[in-house]
Amino acid sequence: ENSLQKTSYSYSIEPGDIFNSPYALNLSSFTKLIKRLQATHPEASRDQIVEAIQQVRKNNKGMLCGLAISTIEERTSAIL
C-alpha cells in the first residue's frame, strides 16, 4: 500500500541561527541580503547585521516569511 506519511519537524531557534526555521529565508537569499547590508552599512559587523535581521523577524511575529527581501533590508537598515 502506497501512502504518504506526514513528517513533523521540530525546530529550535538558537541565537545567531535565524535560518533554522521553515519560516526563514533560504541560504542564497540570506547571503545576498548580508552582502547588500554590509555594502550599505560598512560600519556594522556581520554579527550586528544578523542581530538586526533577528529583530526584524521578532517584530514580524517571529517570521520572515511573506516579507520581500527589499522590505527586510529596509527594516534591518532602520535598526542598524
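Hey, can you tell me all the residues within the stretch 52-67 that are open to solvent by 50 Å² or more (accessible area, probe 1.4 Å) and closer than 13 Å to PHE30 by Cα? Listed by number, the list holds a single entry, CYS65.
Per the conditions (1) open to solvent by 70 Å² or more (accessible area, probe 1.4 Å); (2) at pLDDT below 90, the sole criterion not satisfied by ARG46 is (2). Filtered by the rule that a residue be open to solvent by 40 Å² or more (accessible area, probe 1.4 Å) and not polar (S, T, N, Q), the stretch 68-80 gives ALA68, ILE69, GLU74, ARG75, ALA78, ILE79, LEU80.
The values are calculated or read from the model by the stated rules, or taken from the named source; none is laboratory data. Bear in mind the structure is a predicted one, so any value in this text is a computation, not a measurement. The accessibility values were calculated without ligands, DNA or RNA, using every heavy atom of the protein model including side chains. Shrake-Rupley method; radii C 1.70, N 1.55, O 1.52, S 1.80 Å.
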